[in-house]
Every structure is written in C-alpha cells, then in structure tokens.
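Quick notes on the structure that follows.
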Amino acid sequence: MTGTDETKHVPMTVTFLEMTKKPSVFPPPTPKRKVALLRAENPPPHFYRYLYNTVGGPYLWVDRRDIDDAALAAIVHDADVELYVLYVDGCPAGMAELDFRKKSIGQISYFGLMPDFIGKRLGYFFLYHTVSNAWIRPIESLKVNTCTLDHPRALPLYQRMGFVPYSREDRYIEVP
C-alpha cells in the first residue's frame, strides 16, 4: 500500500452482549496497589483523547478520532454520559465510558486499560466497579460490545461478569 490517502479495510467480528439485572458475581479483591476510580466530570477533549487513544490505540479504536473537539465535548459533557478513570499509584490506568442516553438502557461505550497496566489483575476489578456504577441508574439492561480486534481476554471478561451475547456481526473498519 502506498500513499497517504489510501486506507486499509480491516475485518472484524463484533459480539454484542447484555445483562438484564445487576450481576451477582463476587466482588474482586482490592488490588495491592494504590487505586482510585474517579468520575471525570466535563473532561476537556484533550484529556478524553489521551485516554481514548492510549487505551484504544492497540485495538484500532477509530470512531472518535476524527470528530472535532466541539462534537466530542457534546458527547462527553452530556449529563447522561459518564466517564470514569481508573488511577493506579496516581497514574491514569484505564477508562470506562457509560452512556445512558437511551431510556432504561445503559451502554458501556468504551472500556479498557492503558497498555502498561494490562496483565496486572486490574481488569475484573475495574469492570466490576464500572458495572456497579451503571446499575445505580434506573436501567433495565446494560449493554456492551467487543470485537476480535480487542484484547483476547475482553470477551471472556465480559461473560465472567455476567454479560450474555445476543448478536454477532462481521464488519470492517477503515484504517489509514
């Protein structure tokens, strides 16, 4: 492939998952490091982009890369969108975006860890608290999707938490 205007079509399979009640899984042990899960209220677009690009870069997250700052701010500053940041030893270690803009439905729009924090036994801890925060809202279901480009442990982690697959689609993304 040559030239900067060409794009590569990367195939993937998307799995859509749902839970219809708060899970009854055991809470994870607190990591042995200093951890904090904070809601980022009205995050500046540059901070959101840092999280999104760092967490999603290895997995080809592209949906939010090309939208301008005003459009991005309109999404992440919406009262029905919540952004949580996992901090470990004072450093950003992961992000979780919850979207409640559809009545009675919660959506984990984006979830993941920074590359330096993968394999440190933080994923289940972070997902458990993300799901718990989602069920504080008056929702009837919580949805998430993952694809074959995501970390190979993403789908099993969601299923371990209690999400059940309800659909699959073959798609592709365009990558410059």
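Of note:
- Whole-Hz ³J(HN,Hα) from phi, Karplus 6.51 cos²θ - 1.76 cosθ + 1.60, for the range 110-125, glycine and proline x: 9, 8, x, 10, 5, x, 5, 10, 6, x, 9, 6, 10, x, 5, 4
- A Gaussian network model of the chain, with springs between Cα atoms under 10 Å, assigns the largest mean-square fluctuation among Ile75, Ile108, Ile136 to Ile136.
- Straight-distance candidates among the lysines for linking to Lys103, with alpha-carbon spacing under 16 Å and chain neighbours fewer than 8 residues away dropped: Lys21, Lys143.
- With the simple spin-label model, which puts each label point 7 Å out from Cα in the Cβ direction, the Arg160 to Tyr172 separation comes to 3.4 nm.
- Shape of the range 81-148, Cα gyration tensor, a/c cut at 1.5: prolate
- Under a 5 Å amide H cut-off, with hydrogens placed 1.01 Å from N, Ala93 pairs with Leu86, Tyr87, Val88 among residues at least 5 apart or on other chains.
- Exposed loop sites are taken as trypsin sites (Lys or Arg not before Pro) in a DSSP loop (any state but H, G, I, E or B) with at most 16 other beta carbon atoms within 10 Å; the longest stretch of the chain without one runs 66-100.
- Test item: Cα-centred dipole of the range 11-111, Lys/Arg +1 and Asp/Glu -1 on Cβ, debye: 480
- When you filter the GluC sites (Glu not before Pro) in the range 36-97 for DSSP loop state and at most 16 other Cβ atoms inside 10 Å of their Cβ, you are left with Glu41.
- Rounded to two decimals, the Cα radius of gyration of the chain over 2.2 N^0.38 Å is 1.04.
- When a 1.4 Å probe is rolled over the protein heavy atoms, the share of accessible surface on the chain that falls to carbon and sulfur comes to 53 percent.
- Straightening the chain between Lys8 and Arg101 buys 30.2 nm, computed as 0.36 nm per residue apart minus the Cα-Cα spacing.
- Selection of GluC sites (Glu not before Pro), the range 112-176, meeting DSSP coil and at most 16 other Cβ within 10 Å: Glu140
- Highest GNM mean-square fluctuation among His46, His77, His129, for the chain modelled with Cα contacts below 10 Å: His46.
- Solvent accessible area, Å² - Phe111, 1.4 Å probe, full protein context: 30
The values are calculated or read from the model by the stated rules, or taken from the named source; none is laboratory data. Keep in mind that what you see is a predicted model, and the values were worked out from it rather than measured. Quick reminder, even Gly has a Cβ in these numbers, built from the backbone with ideal geometry, and neighbours come from all protein chains shown. We work out accessible area using only protein heavy atoms, side chains counted, and drop any ligands, DNA or RNA first. Shrake-Rupley method; radii C 1.70, N 1.55, O 1.52, S 1.80 Å.
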